[in-house]
């Protein structure tokens, strides 16, 4: 009986996966408007967190029921019901390293608080110039860090609100900049067979401007005059660039949710300031709340994107009779840039 039920569930999962992957993308044709790509600072803030969410195509704003909600929608933190920690390491595109560490702690009726550290680093490269095309003997690198706190509170048994405040710092060799940002999210459970609605505004904060010793130059005020001081110390001033502000809205629905299995489908709509609007969509199949399969599609309708199909899997294992350890994997296709695989370890306590 259970075997027959599993086969039926698997067929439904495959059918929805085909719909998500192949039928929805053609419905969103790209427009001819300018995209503003590359006009914001701190682009590492746009790298999604959590193999579970990425396996679902990044459609997680209305799901947001694990510790990665601090990234997608902080309002979901208070719906976890237990403490949870996460560690993720990703070999990002172009040999860039991406790391995320976070934890959420519930305080009963007082809500749930969390903290995280998000870091991206670029490997060292040789400094080259017009005079020294083979290198000057020096090396430079770059790094980006965000550290923050999240808080979520359930205003009612169905409606919750959450906030994330973060400090952001970026460095390129001897230049650096910093800023602060705020995320605000809401999550509403309609009570209609698991239908949830979520919305969030992320990365709201002041612009960033690079400064440092690399910008110091020597200037000759009038090259036509001999004998004047041709090494007047000056400093270049860089432009200010805004943070990657993004407004997003999502819905999630449990197609079925039984003692043995659950199938969740989700759709998110994104409105960033540095790109065209797009849609992420995905689904997750849970078997015995222990084995998980996921599939999704990212950036539907976005111009000139290399993002696309995603899929993933996960396993949940009980340790010491109380805590659960969860291991998730996700694959994301990036077209000409090939693909990114990521592994995430979560532990509840």
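Every read-out reported here was derived from the displayed coordinates using simple, explicitly stated rules and does not represent laboratory data. Treat the numbers as computed from the prediction; the structure is a model and nothing was measured. Here the Cβ positions follow ideal geometry from the backbone for every residue, glycine too, while neighbour counts run over all protein chains shown.
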Taking a cut-off of 18 Å, what percent of all Cα-Cα pairs in region 175-284 are separated by more than that? 69
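Which shape class applies to region 26-117: rounded if a/c is under 1.5, otherwise prolate when a/b exceeds b/c and oblate if not, where a ≥ b ≥ c are the square roots of the Cα gyration tensor eigenvalues?
Details: a/c = 2.26, a/b = 1.63, b/c = 1.39.
It is prolate, given that a/c is not under 1.5 and a/b is the larger ratio.
Sort the following peptides by mean Cβ neighbour count (other Cβ atoms within 10 Å, averaged over residues), highest first: 328-341, 155-168, 74-87. Each step should come with its number before you reach the end.
Working: 328-341: 15.9, 155-168: 17.6, 74-87: 22.4.
Ranked by mean Cβ neighbours within 10 Å, highest first: 74-87, 155-168, 328-341.
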Using Cα pairs closer than 8 Å and at least 6 residues apart in sequence, work out the relative contact order for the chain, in percent. 20
If the elastic network links every pair of Cα atoms under 10 Å, which of 106, 43, 244 fluctuates the most in the Gaussian network model of the chain? 43
Cα centroid distance between region 32-71 and region 281-304, in Å? 14
Which whole-number percentage describes the relative contact order of region 110-199, with Cα contacts under 8 Å and a sequence gap of 6 or more? 22
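Of the peptides 229-240, 175-186, how do they stack up when ordered by the mean number of other Cβ atoms within 10 Å, highest first? Provide the component values of the computation, followed by the final result.
Working: 229-240: 11.1, 175-186: 18.8.
Packing proxy ranking, top to bottom: 175-186, 229-240.
Express the relative contact order of region 189-341 as a whole percentage, based on alpha carbon pairs under 8 Å and six or more residues apart in sequence. If you can, show how the numbers build up before the last one.
Details: 317 pairs, mean separation 21.8, N = 153.
Reported relative contact order: 14 percent.
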Label selected from [x] 1.25; [y] 1.01; [z] 1.14, the criterion being Cα Rg over 2.2 N^0.38 Å as computed here: [z]
